[in-house]
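Working notes, structure below.
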Amino acid sequence: MNKPFRRRDLLGIRHLSAAEIVGILDTAENFREINQREIKKVPTLRGKTIINLFFENSTRTRTSFELAAKRLSADSVNISVLSSAITKGETLIDTALNLDAMSPDCIVVRHSSAGVPHQLAKVSKAAIVNAGDGANEHPTQALLDAMTIREHKKKIKGLNVAIVGDILHSRVARSNIHLLTKLGAKVCVAGPKPLVPNDFSHLVEKDLFVSANIEEAIEGADVVMILRIQRERQDSAFFPTLREYAIHYGLTQERLNLAKSDAIVLHPGPMNRGIEIASEVADSSRSLILDQVKYGVAVRMAVLYLATGGSASNE
Amino acid sequence: MADKVNLVEKSRIMDSSRMKRALSRLASEIVEDNQGVKDLYLVGIRRRGVPIAERIADRIEELEGKRPLFGILDITLYRDDLSTVGANPIVNRTELDTDIEDKNIILVDDVLYTGRTIRAALDQLMDFGRPRKAQLAVLIDRGREHRELPIQADFIGKIVPTKKSEIIKVMLKEYDDEEAVWIYERSST
């Protein structure tokens, strides 16, 4: 009935319908139990080959995808940019074609440029899963965030969600904005002015608000999602200093008190303690940062299962 | 996806009272064979094995004054036809909350046909531990000639010899609007 996500590639949340998103989340719910077993392995994807192609550093996401593949009995290979032929001058498409010649069933790709997974999807016979492309999308992160919210709030529709920080550079924010508005949440974004685009009309039509200050965004929120300050982009002078950022935009206990009393706090990691989030908040019971990581494995198992599960039609 | 197939109702081989009696008999056979409820662990196979296992557990509780342990298997992830079934089958949850180690497991399903579902269930079961023994109870056995694996049931509600072109449908109030077992014939017109 609600057979989710028939397309093989997962390039972004933007292209999915609400029903497809719910289908992936429901499937992920049912995979969770496997991660609690003594023997955390099922034979489902035995004989399938999955390549993790990471052009950007990543510990959490790559490990999560790798564990998801292994727990489904797929064979997974990790390729990171430092050891790849790209550094020897090969083009992206040639790399993809060469990998394709080894008949993988799925390629999980992360790249610092938006649109790379989409390019690969055009040339590759394997299913392509986007593990983060530039500032565009990070679909599995939004899915695991949604799973965490659903687990604690039992719903997504009607919730007030504040997304705070560097919205401009954040693929996590974009995927979450798509997902949460499609599922009926009200999303309010806030951060330093140069880091918050004024106009999201190209992204979504409704239920998205831009707030000038973080207090206004957090007030009455059910969910507060804090984004990582991308220190590697700090040279570009989007805000004066990290110290000032912490003072004006960091999530302190005091600011969190403006949210609903049962509000939950999410952060995609890795977090800069004392900058975008105060340690006392990060370590409090309101913070579900480790739950997010836990659900990440189940979400990625569901995505790999649905992407490689042998769809009959290949058009 | 599939060809257009019409199902023609052929006959009703069980109504609700016959089903009830068959399940009562299965319940007594299971406790007799296992000498009571101690370490007895009923495991229903999704979907229709689950309500059948629940009813057998109810009857055992009436007979023995104690309810056996209870669990649910979803075998989707252990199927041997994942690459050929086309679209992805929906995954449901497996619930084995009590450790199966050293228990007497009774797998329960509605219909035994090729035996492939039971193979998948056994594989999954073994991933959870080492039961003392595992037995199989089914409401309907379609006959040994259909078996594609060396698997037989220990407790059988009714043996119904069938042709390959026939389909057995076990209707349960949890999912359908009546309680009955029907034989249908496939006719491709």
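Bear in mind these aren't lab numbers, they're just calculated from the coordinates by the rules spelled out. Computed from a prediction, not measured in an experiment: that's the story for all the values here. Positions of Cβ are generated from backbone atoms using ideal geometry, with glycine treated the same way; all protein chains shown enter the neighbour counts.
Give, rounded to the nearest 20 debye, the magnitude of the charge dipole that chain A has about its Cα centre when Lys and Arg contribute +1 at Cβ and Asp and Glu contribute -1 at Cβ.
Details: 40 positive and 35 negative charges, 170 e Å.
Magnitude of the dipole: close to 820 debye.
Under a cut-off of 25 Å between alpha-carbon atoms, report the lysines in cross-link reach of B:Lys38, not counting same-chain residues fewer than 8 places apart.
Once the sequence-local lysines are set aside, what remains near B:Lys38 is B:Lys20, B:Lys66, B:Lys103, B:Lys133.
I'd like the projected area of region B:80-187, averaged over all directions, using the convex hull of its alpha carbons. Report it in nm² with one decimal.
On the way: hull surface 34.1 nm².
Seen from a random direction, the Cα hull of region B:80-187 projects 8.5 nm² on average.
In Å³ and rounded to a whole number, note down the convex hull volume per residue for the Cα atoms of region A:211-269.
87 Å³
Where in region B:36-51 is the amide nitrogen less than 17 Å from a point lying 7 Å along the Cα-to-Cβ axis of B:Asp102?
B:37-41
For chain A, what's the radius of gyration and Dmax over Cα atoms, in angstrom?
Rg, Dmax (Cα atoms, Å): 19.2, 56.
Can you check how the C-alpha radius of gyration of region B:16-162 compares to 2.2 N^0.38 Å, as a plain ratio? Display every interim value, and only then the final one.
Working: Rg = 14.8 Å, N = 147, 2.2 N^0.38 = 14.7 Å.
Here the Cα radius of gyration is 1.01 times the empirical estimate.
Under 5 Å between amide hydrogens, which residues at least 5 positions from A:Ser76 or on another chain qualify, with H placed 1.01 Å from N in the peptide plane?
A:Ile50
Among the aspartates and glutamates, which fall within straight-line cross-link reach of B:Lys158, defined as a Cα-Cα distance under 12 Å, with same-chain neighbours fewer than 8 residues apart omitted?
In chain and number order, the partners are B:Asp110, B:Asp141.
Between A:Asn257 and A:Thr91, what is the label-to-label distance in nm when each label sits 7 Å out along the Cα-to-Cβ direction?
5.9 nm
DSSP beta bridges in the protein assembly as shown, what fraction antiparallel, as a percent rounded to 5?
Working: 15 of 73 bridges.
Restricted to the protein assembly as shown, the bridges split so that about 20 percent are antiparallel.
Take A:Arg60 and B:Glu174, extend 7 Å from each Cα along the Cα→Cβ direction, and tell me the distance between the two endpoints in nm.
Label at A:Arg60, label at B:Glu174, 3.9 nm between them.
Set the Förster radius R0 to 35 Å, insert the Cβ-Cβ distance between B:Asp81 and A:Lys206 as r into 1/(1 + (r/R0)^6), and round the FRET efficiency to 0.05. If you can, show how the numbers build up before the last one.
Values: r = 44 Å, r/R0 = 1.24.
Once the sixth-power term is evaluated, E becomes 0.20.
In region A:82-167, which GluC sites (Glu not before Pro) fall in coil by DSSP and have 14 or fewer other Cβ atoms within 10 Å? List each step's numbers first, then the result.
On the way: sites: A:Glu90, A:Glu137, A:Glu151; in loops: A:Glu90.
In loop regions of region A:82-167 (DSSP not H, G, I, E or B), the sparsely surrounded GluC sites (Glu not before Pro) are A:Glu90.
Restricting attention to the alpha-carbon atoms of region A:84-175, what are Rg (one decimal) and Dmax (integer), both in Å?
16.5, 51
Nearest 5 percent is fine: what portion of the DSSP beta bridges confined to region B:16-162 is antiparallel? Show your work: numbers first, answer last.
Working: 1 of 23 bridges.
Within region B:16-162, antiparallel bridges account for around 5 percent of the total.
At R0 = 25 Å, how high is the FRET efficiency between B:Met126 and A:Asp75 if r is their beta carbon distance? Nearest 0.05 is fine.
Working: r = 22 Å, r/R0 = 0.89.
That gives a FRET efficiency of 0.65.
Could you tell me the calculated FRET efficiency between A:Arg231 and A:Gln36, based on Cβ-Cβ distance and R0 = 30 angstrom, to the nearest 0.05? Could the numbers behind the result be given before it?
Values: r = 36 Å, r/R0 = 1.19.
Result of the calculation: an efficiency of 0.25.
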